[in-house]
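See below for the structure under consideration.
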Amino acid sequence: MRPGGNIFQFLKREVLVGEHEVLHRTLKEALVGTCDSVLDIGCGSRSPLHSFSNLLPHTVGVDGHPTSIERSRAAGIHREYHCMDLMEAGQRFGPKSFDAVVALDVIEHFDKPGGFRLLEMMESLARKRVIIFTPNGFLPQDEWDNNVHQVHRSGWEVYDFELRGYHVTGMSGWKPLRGDYALPRIRPFRLGSRLSILTEPFATRWPRHAFQLLAIRDMEVS
């Protein structure tokens, strides 16, 4: 769900830097100090784990796009990398191989049956926790950055995760304030971004009205 080219560089500098503060803080709280090993499925070139992955004893990045793996490796985000089809992780790693398994902005790139298979695989690999981050509902997106894996093929709702035992939190503010590529609908972008951030407490509490969803399942209490 990340735009490419010059517009991405502008947004990264002017708008998006502070937007995912709540996401990064929540991920850090869910992983650091409780999970010694983390598998990042579909890690991309700049995983949201980048801001604190150095605090985790062992992290593994898996992605099917070689260029993304190269960029992530150059940034030193993970200790170990595998360029492979994401669904092959179930065969590459044994059951309960990691304390936590995460897929951030990934499940929407599968069709719905494939997404459920992804969840099943992640749950089989995780000893403690599974974490999913995805748009709330279907958000159209085509290929970009020469990466065919960027196409969105499904939309996910709160109940999709709650029925599997996940706790769901809303992220990225009130849903109507954002559009394609998660860009603010209100211009200028900086103003739209600030308005979205102001609605984050509302979205966090009522995830059905949020732009994105963070779903966490604690496997030890399932």
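For the range 107-214, give me every one of the helices (runs of 4 or more DSSP H) that falls completely inside it and has 2 or more residues that are surrounded by 20 or more Cβ atoms within 10 Å (Cβ to Cβ) and out of contact with any strand residue (DSSP E or B) (no Cβ under 6 Å at 6 or more places or on another chain).
112-125
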Look at E220 and say whether it is more than 30 Å from P66 (Cβ to Cβ), among the acidic types (D, E) and touching a residue at least 60 places away in the same chain (Cβ under 8 Å).
yes
Kindly indicate whether D36 is at pLDDT 95 or above, within 28 Å of Y159 (Cα to Cα) and of a type in the set (D, E).
no
Conditions first: (1) at negative phi; (2) crowded, with 23+ Cβ neighbours inside 10 Å. E88 passes all but one, so which condition is the exception?
(2)
Just the residues that are at negative phi, over 17 Å from the mean Cα position of the chain (by Cα) and not in a strand (DSSP E or B), please, taken from the range 56-84.
L56, P57, P66, T67, E70, R71, R73, A74, A75, R79, M84
Could you check, for the range 146-153, whether at least one of its residues is under 18 Å from G64 (Cβ atoms), polar (S, T, N, Q) and at pLDDT 95 or above?
no
Taking the range 20-49 only, how many residues are under 24 Å from E88 (Cβ atoms) and assigned to a helix (DSSP H, G or I)?
3
Determine if the range 195-213 includes at least one residue that is among the aromatic types (F, W, Y), out of contact with any Phe, Trp or Tyr (no Cβ under 9 Å at 6 or more places or on another chain) and without any contact (Cβ under 8 Å) to a residue 12 or more places away in the chain.
no
Mind telling me which of the residues L23, L16, L49, L11 ends up being under 18 Å from V130 (Cβ atoms), modelled with pLDDT under 95 and in contact with a helix residue (DSSP H, G or I) (Cβ under 9 Å, 6 or more places away or on another chain)?
L23
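The values are calculated or read from the model by the stated rules, or taken from the named source; none is laboratory data. Keep in mind that this is a model prediction, so the values were computed, not measured. Reconstructed Cβ throughout: ideal geometry from the backbone, glycine too, with neighbour counts over all protein chains shown.
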